[in-house]
1. Would you pick out the residues in region 113-125 that are buried (at least 21 other Cβ atoms within 10 Å of the Cβ) and either touching a Ser or Thr at 6+ places or on another chain (Cβ under 7 Å) or among the aliphatic types (A, V, I, L, M) (or both)?
2. Would you mind finding the one in Leu20, Leu32, Leu52 that is more than 16 Å from the ligand (Cβ to nearest atom), aliphatic (A, V, I, L, M), over 16 Å from Asn299 (Cα atoms) and in contact with a helix residue (DSSP H, G or I) (Cβ under 7 Å, 6 or more places away or on another chain)?
3. Of all residues being more than 16 Å from the ligand (Cβ to nearest atom) and not in a helix (DSSP H, G or I) in region 281-318, which is surrounded by the most Cβ atoms within 10 Å (Cβ to Cβ)? Just the residue, please.
4. If we keep just the residues of region 63-103 that are open to solvent by less than 20 Å² (accessible area, probe 1.4 Å), among the hydrophobic types (A, V, I, L, M, F, W, C) and farther than 21 Å from His130 by Cα, which is nearest to the ligand (Cβ to nearest atom)?
5. What are the residues in region 255-280 that are within 25 Å of Leu150 (Cβ to Cβ) and not in a strand (DSSP E or B), if any?
6. May I ask you to list pairs of residues, at least six apart or on different chains, whose Cβ atoms are under 6 Å apart, with the first in region 175-193 being farther than 25 Å from Thr120 by Cβ and the second being surrounded by fewer than 20 Cβ atoms within 10 Å (Cβ to Cβ)?
7. Being surrounded by 14 or more Cβ atoms within 10 Å (Cβ to Cβ) and within 15 Å of Val171 (Cα to Cα) is the filter here; which residues of region 262-276 pass it?
8. Would you tally the residues in region 146-199 being of a type in the set (Ser, Thr, Tyr) and within 18 Å of Arg290 (Cα to Cα)?
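The values are calculated or read from the model by the stated rules, or taken from the named source; none is laboratory data. Owing to the predicted nature of the structure, the values given are computational and were not obtained by experimental measurement. Positions of Cβ are backbone-derived with ideal geometry, glycine not excepted, and every protein chain shown enters the neighbour counts. The area values use the complete protein model at the heavy-atom level, side chains included, leaving out ligands, DNA and RNA. Shrake-Rupley method; radii C 1.70, N 1.55, O 1.52, S 1.80 Å.
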Amino acid sequence: MNTVPPTIAPGWTRPHLLGLEELSAAEIGHILDTALEFKRLHTIGETKLATLKGVTVGNLFFEPSTRTKTSFSLAAKRLSADTVDFSSAGSSLSKGETFIDTARNIEAMGVPVMVVRHSTSGAPYLLTKHVNASIINAGDGTHEHPTQGLLDILTIKEHRGTIAGLTVVLVGDILHSRVARSNIWGLTKLGARVIVCGPATLIPPYIERLGVEVRYRLDDALEEADCINLLRIQAERQRSAFFPSIYEYAHFYAMNGSRVKRAKDDVLILAPGPINRGVELTPDVADGSRSVILDQVTNGLFIRMACLHLCYHARNQAPMVRPGISPIVTGASLR
Ligand code: CP
């Protein structure tokens with residue numbers, strides 16, 4: 001078993017990963033290169049590394065997850081960390097314990113790295129003010145899902161060799177999508193042209209200020225796209241009807257066989273998952289030759305290994321001290 005692989009470049013200084021907005025292109029490149037190195041080591045049989053031996057990683061999921069939670073848990077184990085899983089269902093949140101007290105209690109058990117998913121935007125950032133642990137954002141509200149953005153970018157880079165100069169179309173519920181925001185920050189910093197596409201009701205006003213173009217019909221963006229990322233309709237975050245019916249949405253925005261034929265021959269089809277077959281894309285496209293959806297899932301493991309490794313070791317190089325006594329936060333949304 002290896003300890004820290006000598007090929008992992010030093011120089012990462014951030015103890016937390018909260019979003020791609022605050023990262024430079026060089027920092028994003030550092031995470032991608034680290035993930036690729038972990039992937040290379042895996043392919044030559046180094047499936048268990050010791051870079052987090054003796055460390056416990058807490059998976060604090062206040063919202064459901066299949067891919068992200070499993071992937072972070074497996075990534076931690078591949079680095080020889082122990083893991084502890086927290087889910088809000090069945091926890092003492094139902095007895096009135098706050099989000100912050102929950103995290104502080106888990107930290108008190110000796111957990112220096114916390115992976116946090118929460119329905120409230122900014123919840124992982126808030127935790128950085130109340131615990132000394134490294135905080136890694138596993139998706140917060142409609143804000144960001146940085147490791148999803150990174151794994152999407154890594155998958156595109158592996159297939160196309162570069163990000164700069166590519167046209168990437170993000171389709172669907174841009175208004176509620178944290179995946180869209182992380183993709184926009186990451187892709188534009190690396191020099192891609194990003195087009196967001198969806199019903200006008202699901203495109204935030206002034207989104208062009210983030211450096212993207214807007215199309216309201218998928219058919220108007222198809223032929224320009226090198227990559228099409230089909231975002232899930234976030235029904236759980238929609239407080240009103242944003243389109244007349246799911247059938248009408250699928251008619252205008254689902255990626256289907258006929259649309260694939262009109263796109264570039266080598267177009268890449270991505271989806272962050274979970275996918276709703278027949279809504280964002282049809283089964284023949286999801287399972288077809290242009291789909292890289294399962295490659296995204298595979299790359300997610302290496303991206304998460306990289307983020308755990310880099311953030312934990314940065315935290316240890318510059319231990320943080322949290323400010324004074326934490327205020328009591330009782331907001332129901334953070335329970
Ligand atoms: N893409 C993604 O975040 O999936 P999960 O909700 O299953 O983690």
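1. Val113, Met114, Val115, Val116, Arg117, Ala123
2. After ruling out the rest, the residue left standing is Leu52.
3. Checking each candidate, the answer is Thr282.
4. Phe72
5. Matches in region 255-280: Ala263, Lys264, Asp266, Val267, Ala271, Pro272, Gly273, Pro274, Ile275, Asn276, Glu280.
6. Thr188/Gly211; Lys189/Ala25; Leu190/Ala25; Gly191/Ala164; Arg193/Thr167
7. Ala263, Val267, Leu268, Ile269, Leu270, Ala271, Pro272, Gly273, Ile275, Asn276
8. Summing the residues that are of a type in the set (Ser, Thr, Tyr) and within 18 Å of Arg290 (Cα to Cα) in region 146-199 gives 3.
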